[in-house]
Amino acid sequence: MSHTKKNITTAEKIQKKRALRLGGYSMLMTAAVIAAAIVINMIVEALPAKYTQLDITESSMYEITDETREFLDKLNTNVTVYLVIAKGYEDRSIETFLERYCSYSNKLKLKKIDSDIDPGFVEKYDVKNANSIVVVSDKRSKTIDYNDIFEYSQDLLNKYYSSYYYYGYKISDVFSPDVFDGNNELTSAIDYVTTDYLPTAYMLTGHGESAIIETITNFINENNIKISEGLNLVSSDVPDDASNIIINNPTSDISTGELEKLTAFIDGGGAVVLITDSKNYSTVDMPNLTSLAQHCGLTAYDGIVLESDTSRYAFQQYFIIPTLNEGNTVTAPIQNPSKVTTVMMKAHAIVDYEDYDGPMTVSPILTTSDSSYIIGVDEAVRAATDDDKKGEFYIGAISEDSDTGAKFVWYSSSYLISEQSVNYVSSNNFYVFIYTILQTTEKTSVISLDSIALTSSVLTFSEAAQTIWEIILQVLIPLAIITPGLVVFIKRRRR
C-alpha cells in the first residue's frame with residue numbers, strides 16, 4: 001500500500017514539474033512578445049514620418065509631389081522649419097504635413113515655437129497668425145502666413161464678393177478654405193532661403209502693354225522669380241539685374257532708342273519674351289519691333305492664321321491647337337510635349353527671316369499644320385483661296401545663341417496668357433508660358449506646382465482620440481497578450 005502511495009506522489013511531482021515548465025515557457029513567450037512589441041514600437045518611433053504617417057485624406061493633401069522629392073534630394077543646405085503655434089489654436093493638419101515633408105530630407109529640421117512663450121521670435125519674423133511657418137537658413141528667412149497655406153478658390157471668392165462682402169462678412173465667416181497650398185509654399189520658401197540665384201524679370205511699359213494676370217505672376221513669384229513692372233527704356237537703361245524682359249501685347253511700336261537698348265541686351269546674353277496680337281501687330285505699323293525680331297532671325301506675316309485640319313482646331317478655325325514641339329529650350333523640361341494640348345486664338349504667322357545671317361538659331365515651340373493659311377485681320381472665316389499664304393507656320397518660336405546664352409522668344413497670340421485660356425480653357429497655355437519664363441531666366445527647376453483642392457474634410461484626431469488610441473496600443477493590446485499566459489501559469493501552479 002505504501003509502495004502505491006509513493007508511486008502516486010512521484011507522478012504528482014512529475015506533473016507539477018511539467019506544469020511549472022509549461023508555465024515558465026508561457027511566461028517566456030509572453031515576455032518575448034512584450035519585448036518584441038517594445039522593440040517594434042521603438043523602431044516605428046525612429047522611422048521618418050513619411051513611413052509612419054499615412055496620407056488617407058481624400059485629396060491626398062499630405063502627399064509630397066515627385067518634383068518636390070527631387071528638389072529635396074538635391075538640397076545641400078541646412079534649413080530649420082519653425083511651426084508657430086498658440087495654445088488652443090493648434091492645427092494638426094499642418095503639423096502632420098510638416099512632419100511628413102521634413103522627413104524627406106536630413107537637411108530639414110522641424111521645430112515648434114509657442115508664440116506665448118517666445119514673443120520675440122514672432123516679432124523678429126513678423127508672424128501674424130498662429131500655425132504660420134517660418135523657414136530659416138544661414139542666408140535668409142521667409143515667413144509663410146497661415147492664410148497662404150489654406151486658401152480660397154476663385155469660385156468661392158466670386159461667391160463671397162457677389163453675396164457677402166458688401167454686408168461686412170469676412171470670407172471665413174461664410175466659407176471654409178477649399179485649397180491647400182502647403183507643398184508649393186514650403187518648397188518655394190526653402191528654395192528662397194537656400195538659393196544663390198534670385199532672377200528678376202522686367203515688364204516693359206510705355207506702349208500700351210497688357211498686364212500679366214495675377215494667377216501667372218503669383219506662380220512666377222512662388223518660383224522665386226521677381227516680376228518688376230514699369231520698365232521704361234525711354235528714360236532708363238536696362239537694369240543690371242535684369243535676367244529677362246517681357247513685352248506683353250504692345251499696342252504701339254518701341255522707339256529707335258529702345259530698339260538699340262534691347263538689341264544690346266540680347267547681344268550681351270540677355271533674354272526677351274515678346275507676345276503680340278494679330279490685331280495690334282497687323283494693323284499698327286511696328287517697324288522697330290519687327291527689326292528686333294529680325295535681329296534674332298524671325299519675322300512675321302500680317303493677318304490671322306486659320307487651320308484647315310479639323311483635328312487641329314476647336315470651335316472655329318482660328319482656335320488653333322498647335323503642335324508643342326520637342327527639341328527646344330522651352331519644352332525641354334516638359335514630359336511628352338507632343339501630347340500636351342494648348343490653344344491659341346487668332347494668332348498671326350511667325351516665320352524664319354530669310355535674310356538673317358547672325359549667330360542665333362531658331363527652333364519652333366508652337367506650330368500649325370502644313371494645311372493652315374492666312375486671311376486678313378478683318379475678314380470673316382472662309383475657305384482658302386489660291387492667293388492666300390499656306391503652309392506650316394510658327395505661332396511660337398525661340399531664337400538663341402549657344403555661345404552667349406541670348407534668347408528671344410516670340411508668341412503671336414495674346415490668348416496664350418489671357419485669363420480665359422488660363423482659367424477656363426487650357427491650363428497648358430499657362431505651363432508653356434511658365435516654362436518660357438523659367439528657361440529664359442535660367443531658373444530651370446519648377447518649384448511651385450498646382451495647389452490641392454480640398455474635396456473633403458481633413459482627417460485629424462483630437463487630443464482625446466489620440467489618448468484613447470495610445471491606451472489601446474500601449475496598454476490594452478499588451479494586456480491582451482500577457483493575460484492568457486498569466487492565467488495558464490496560475491492554474492498550473494495551483495495543481
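The values are calculated or read from the model by the stated rules, or taken from the named source; none is laboratory data. These figures come from a predicted structure and were not determined experimentally. Note that we place each Cβ from the backbone using ideal geometry, even for glycine, and neighbour counts take in every protein chain shown. In case anyone asks, the SASA skips ligands and DNA or RNA and just uses the protein heavy atoms, side chains included. Shrake-Rupley method; radii C 1.70, N 1.55, O 1.52, S 1.80 Å.
Side notes on the structure shown:
- Probing with 1.4 Å while keeping every protein chain in the model, the per residue accessible area of region 205-266 equals 42 Å².
- Sulfur and carbon atoms: percent of accessible area, region 159-234 [1.4 Å]: 46
- Listed pairs Lys139/Lys261; Lys112/Lys170; Lys87/Lys128; Lys87/Lys226; Lys74/Lys139 exceeding 27 Å between Cα atoms: Lys139/Lys261; Lys112/Lys170; Lys87/Lys226
- Accessible surface, per residue, of region 271-409 when the full set of protein chains is kept, probe 1.4 Å, Å²: 44
- Within region 300-375, GluC sites (Glu not before Pro) in DSSP loop having at most 10 other beta-carbon neighbours inside 10 Å: Glu354
- Backbone geometry of region 259-270 corresponds, through the Karplus equation with coefficients 6.51, -1.76 and 1.60 at θ = phi - 60°, to 3J(HN,Hα) couplings of 4, 5, 5, 5, 5, 5, 4, 5, 4, x, x, x Hz, x marking Gly and Pro.
- Couplings 3J(HN,Hα) of region 176-189, computed from phi: 9, x, 10, 9, 10, 10, x, 4, 4, 4, 6, 5, 4, 5 Hz, in residue order, whole Hz [Karplus 6.51 cos²θ - 1.76 cosθ + 1.60, θ = phi - 60°; x for Gly and Pro].
- Split the accessible area of region 320-420 by element, probe 1.4 Å, and carbon with sulfur accounts for 42%.
- Ordering Met345, Met286 by accessible surface, largest first, gives Met345, Met286; the 1.4 Å probe counts only protein heavy atoms, with every chain in place.
- Per residue, region 108-187 exposes 59 Å² of accessible surface when a 1.4 Å probe is rolled over the protein heavy atoms with every protein chain present.
- A Cβ-based charge dipole, computed about the Cα centre of region 347-415 with Lys and Arg at +1 and Asp and Glu at -1, lands at about 340 debye.
- Karplus (6.51, -1.76, 1.60) ³J(HN,Hα), θ = phi - 60°, over region 312-320, in Hz, Gly and Pro reported as x: 10, 8, 10, 6, 10, 5, 8, 8, 7
- Of the solvent-accessible surface of region 65-115, computed with a 1.4 Å probe over protein heavy atoms with every protein chain present, carbon and sulfur atoms account for 41 percent.
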